[in-house]
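Accompanying notes for the structure given below.
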Amino acid sequence: MEAGSSPSQICNAWSVASRLSTSLPTSKRSSSWKKHLQSNAYCSKLDRVNVLTGHTGCVNALSWAKDGELLLSGGDDTSVRIWRLDSSDTTKEYPYVCDAVIRTGHRANIFNTQMLPHSNRIASVAGDKQVRIFDIGDIVSQAGDGRETLYTARQANVRILRCHSDSVKRITTEGTPDVFLTVSEDGTVRQHDLRAHHNCQNNQCPAPLVEFSHSLSTLSMSPLTPYQFVVAGESPYGFLFDRRQIGRHLEEEWGMPPDSRSVTTCVRRFGREARSPGESRGYPHITGVRMASDNGHEVLCSYSTDAVYLYSTRDDPHEPSAFQGGILASNDKGSQRPSPRQNADSEMSMQETPRRMSLDQLDTLMEQDIDHFLSQGASESQDGEGSTGSHEQEGVREDQDEDMVEEDDDDDEGGGAESFTNVPIILPCRKYTGACNIETVKDVNFLGPSDEFVVSGSDDGNFFIWDKASGKLCDILEGDGHVVNVIEGHPYLPLIAVSGIDTTVKLFAPTHGQSAFSRLENSDAIINHNEESSSRRVDLATLMMYARVARRAGIDGDECTTQ
């Protein structure tokens, strides 16, 4: 105010300033409005807006970095590509171009890659059992100019970790540039701290956070609850662990006393009420888990040959005694029990350590199980034509003794003896159906600024989007020529990156006109086809299990290059 202003002028000025300040949006209101717009954008029609080329193999890994400024991709060609928005290209709506390619030095397929928070480091994991760390500081500092820079493993590599003894499948960052978690098919979850050096070759690696008797393939953590993580694999359960051990009594919060010998405690398991109609009883397992970043208590689990399920860690659990093979026994009494295994060797395929089987044993087991599946299908077909019941044809009588029943239930566990059998089990609060999950290890994800949607890939080359609250199918989009495995939403833009068996990365965003890649109009035919694929008696998931067993047993042969 100028000198000599009257009191009335001063009051009027303050009144105007006050009205202006109340009319301007606050930071919180602005953030809420942006979330609202992004959520509404996902409700509109989505279409493919760009195809990113350059990989020469399946793209198994996608992740956004630097608050969405960068997109990382990796796959079977053992390279990591770094994509950035090219502001000089006005011909495309989302003109992402490859800024740099890192020849990682991995000797097998890359399954996951993440940029460590608050740093320029990238971590990658692969089927060669290694975790590799790269520093790309000069790449991040440059503006995207459309030119692609090649970095060899020697130029960019910072460190190699060989703590795992089998394929490493997922990375989960912890909000720091030095600490992250990895999960492996060796059945362990490990925490790595880049500030603490050790020699992996001399067995100096820190003890794992978690160790299972079965293979693990997926891991997730929410930034709102970083002391918890969910892990799953060749088991009918997902497992929630709590790392808050020092000075805490978990019995007060979870009803589970902490294990004094471990830095983690398994506090909950996630199970189901019933199987999918076409699901094999011998090998139930989970291919993908995801914890919600918006609330920290919701968990998604994607079951092979079944559907995607939503859980909440706040729900009341059930006692483990009510479950058999990962299924709530009270809801499963009416279903038909399978016939017992043909012989003791076939039983060994699910119970013994894979490394103990020879090539001849593996071939014999595969032939027996395939014959068994085919004979089951033939018996069911004859039963539908008016022949005697399938129970009698398969040698299963209604008065079957309890020992045989218990043997079948043990076989349901899959992958060996089940872990943490005393931990309470949570049932799902929502189920999302329509996609087909048999041929590969598919991830699952939330979508939207407040995790309003659920997304999953499918064996038919599409990816499905459901409304989380209602379970309603929102859209089906063609994302791959064969199979969609990975779907990652941009942190703040209505943009989705999708990859699978193809060598490309597809970007999807809202469109103004008709969507050329939406298949929602054919949803009934697509869902029916997927249901038929899932119900085939020759269980592809079981055959893939044999392939993994063969690889762990050291048997030479072509390995499936998918996840």
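Hey, among Leu161, Leu150, which residue is without any contact (Cβ under 8 Å) to a residue 60 or more places away in the chain, over 29 Å from Arg272 (Cα atoms) and surrounded by fewer than 15 Cβ atoms within 10 Å (Cβ to Cβ)?
Leu150
Looking only at residues that are free of Cβ contacts under 8 Å to residues at least 60 places away in the same chain and of a type in the set (A, V, I, L, M, F, W, C) in region 468-486, which one is surrounded by the most Cβ atoms within 10 Å (Cβ to Cβ)?
Result: Val484.
Among (1) modelled with pLDDT under 95; (2) crowded, with 17+ Cβ neighbours inside 10 Å, there is one condition Arg132 misses while meeting the rest; what is its number?
(1)
Of the conditions (1) assigned to a loop (DSSP other than H, G, I, E, B); (2) open to solvent by 40 Å² or more (accessible area, probe 1.4 Å), Asp502 satisfies every one except a single condition; which number is it?
(2)
Select, from Val101, Val125, the only residue that is open to solvent by less than 10 Å² (accessible area, probe 1.4 Å) and either in a loop (DSSP other than H, G, I, E, B) or touching a Leu at 6+ places or on another chain (Cβ under 8 Å) (or both).
The unique qualifying residue is Val101.
When Leu473 is evaluated against the numbered criteria (1) farther than 24 Å from Asp315 by Cα; (2) modelled with pLDDT under 95; (3) out of contact with any Leu (no Cβ under 6 Å at 6 or more places or on another chain), which criterion, by number, is the only one it fails?
Failing condition for Leu473: (2).
Give region 216-227 a look and list any residue that's touching a residue at least 60 places away in the same chain (Cβ under 8 Å) and open to solvent by less than 10 Å² (accessible area, probe 1.4 Å), or say none.
Within region 216-227, Thr218, Ser220, Ser222 qualify.
Has region 332-354 got any residue that is modelled with pLDDT under 95 and assigned to a strand (DSSP E or B)?
Scanning region 332-354 turns up no residue that is modelled with pLDDT under 95 and assigned to a strand (DSSP E or B).
Can you list the strands (runs of 3 or more DSSP E) lying wholly within region 452-496 that have 3 or more residues being within 23 Å of Gln114 (Cα to Cα) and over 19 Å from the mean Cα position of the chain (by Cα)?
The strands (runs of 3 or more DSSP E) meeting that bar number zero.
Glu211 is checked against (1) more than 26 Å from Asp76 (Cα to Cα); (2) open to solvent by 30 Å² or more (accessible area, probe 1.4 Å); (3) out of contact with any strand residue (DSSP E or B) (no Cβ under 6 Å at 6 or more places or on another chain) and fails just one. What number does that condition carry?
Among (1) more than 26 Å from Asp76 (Cα to Cα); (2) open to solvent by 30 Å² or more (accessible area, probe 1.4 Å); (3) out of contact with any strand residue (DSSP E or B) (no Cβ under 6 Å at 6 or more places or on another chain), the lone unmet condition for Glu211 is (3).
Residue by residue through region 34-72, note down the ones that are among the basic types (Lys, Arg) and modelled with pLDDT of 85 or more. Working first, answer last.
Here is the first cut: in region 34-72, the ones among the basic types (Lys, Arg) are 34-35, 45, 48, 66.
Answer for region 34-72, where residues must be among the basic types (Lys, Arg) and modelled with pLDDT of 85 or more: Lys45, Arg48, Lys66.
I'd like the residue in region 164-192 that is of a type outside the set (Ser, Thr, Tyr), assigned to a loop (DSSP other than H, G, I, E, B) and open to solvent by less than 20 Å² (accessible area, probe 1.4 Å) and, out of all such residues, is farthest from Ile122 (Cα to Cα).
The residue in question is Gly187.
Is it true that some residue in region 420-431 is free of Cβ contacts under 8 Å to residues at least 24 places away in the same chain, over 26 Å from Asn50 (Cβ atoms), surrounded by fewer than 18 Cβ atoms within 10 Å (Cβ to Cβ) and more than 14 Å from the chain's Cα centre (by Cα)?
Filtering region 420-431 down to residues free of Cβ contacts under 8 Å to residues at least 24 places away in the same chain leaves none.
No, region 420-431 has no match at all.
The values are calculated or read from the model by the stated rules, or taken from the named source; none is laboratory data. Keep in mind the model is a prediction, meaning the values are calculated, not measured. A quick note on method: Cβ atoms are made from the backbone with ideal geometry, for glycine too, and the neighbour counts reach across all protein chains shown. Only protein heavy atoms, including side chains, enter the accessible area calculation; ligands, DNA and RNA are left aside. Shrake-Rupley method; radii C 1.70, N 1.55, O 1.52, S 1.80 Å.
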